[in-house]
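Beneath this line is the structure, given in structure tokens, with notes to follow.
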Amino acid sequence: MPLRKLTAPGLVFVLLVSVCFAQGQFEFDKAHYIMHTAGSEKFEAVPGVLRFDGTKKEVQFVETNGTPALSLKYEEIKGMLYEKAAKPRYAAGLLLGGPLLLTKSKKHFLTFDYIDLAGTPKYAIIHLDKSNFQEAMARAESETGKKVERTEEH
């Protein structure tokens, strides 16, 4: 009897994952949409999920609370750029010890260049997590049929 209780949640999880993949949806969590704040020159990082919907042929960003923040049709996307930025860990090195002074934090960004409905060129920047950025880039290329350009800062 206890074995059934342990396998039921696992079975439900496997079924949900298979339904998502069968529908052509691929999601990448721990992402942040770098959104321009209206009326200012500031940007804010909105946490959520980057989704590639193969049935609708669009890239979506959905906030953690479920609110859609971005939706781009694949044909609207004119190009994609991956950037890796590295920044020294000075503060952590000084606070926690010398070896951290020699390391760098790395951030992964995927930028979508697109044309909006009014014909205006725009871009959307997504900060990807280190655990899934490679899979997200591979999915972006396979879904859109466009190559992701890569630049890496050292």
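Where a number appears in this text, it was derived from the coordinates with a stated rule and is not lab data. Values in this document were obtained by computation on a predicted structure and should not be read as measured data.
Just a few scattered comments:
- At full extension, A45 and D129 could sit 29.0 nm farther apart than now, given 0.36 nm per residue minus the alpha carbon distance.
- In order along the range 27-32, the Karplus-derived 3J(HN,Hα) couplings, from 6.51 cos²θ - 1.76 cosθ + 1.60 at θ = phi - 60°, round to 10, 10, 7, 6, 9, 9 Hz, and Gly and Pro are given as x.
- Sequence-ordered 3J(HN,Hα) estimates for the range 68-81 from the Karplus curve with 6.51, -1.76 and 1.60 and θ = phi - 60° stand at x, 10, 8, 8, 10, 5, 4, 6, 6, 6, 9, x, 9, 9 Hz, glycine and proline given as x.
- Amide H contacts of G54 (H built 1.01 Å from N, under 5 Å, at least 5 apart or other chain): Q25, F26
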